[in-house]
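Q: The structure's right below; bear with me while I get my questions together.
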Amino acid sequence: MPDLHLIISPPEPGDWYGRLDVLETLEAAGWTADDDMPLSILRHPSGAVWAVTNESDDSGLDCPNGTVIEFPGSTPTVVIVAACLAATHPTP
């Protein structure tokens, strides 16, 4: 039986590349990419974690207080970013 080689080419412009819009915005706000999945998982020093969960652009946010929020792929970038930023600030 011959060896199987898997080749994954980078996507062309306009192809699926996760929620790169959210990823870049959160990185600019101090979130850091996960070592194992840098284009899918971001972590904040507060303990919050945001991750793309599938190729439909669904994503989720694990908040430091234990709350988990799921975002359908159609969720606007601004909504996801606002929720992620809010999760990193302690409530008064």
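Q: State the extension gain, in nm to one decimal, for the chain segment bounded by Val78 and Ala33, taking 0.36 nm per residue of separation less the distance between their alpha-carbons.
A: Here the answer is 14.3 nm.
Q: Could you compute the net charge surrounding Asp21? Neighbours are other residues with a C-beta less than 12 Å from the C-beta of Asp21; K and R count +1, D and E count -1. Let's see the in-between values first.
A: Details: positive: Arg19; negative: Glu24, Glu27, Asp57.
Within the 12 Å Cβ shell, the charges total -2.
Q: Show me the ranking of peptides 66-79, 42-55 by mean Cβ neighbours inside 10 Å, starting with the highest.
A: 42-55, 66-79
Q: Taking θ as phi - 60°, what are the ³J(HN,Hα) couplings along segment 28-42 by the Karplus curve (6.51, -1.76, 1.60), each to the nearest whole Hz, with x for Gly and Pro?
A: Couplings: 5, 8, x, 6, 10, 6, 5, 4, 7, 9, x, 9, 10, 10, 10 Hz.
Taken together, the values in this text are just the output of simple stated rules run on the coordinates, not laboratory data. A quick note: this is a predicted structure, and the numbers were derived from the prediction, not measured. Cβ: placed from backbone, ideal geometry, glycine included. Neighbour counts: every protein chain shown.
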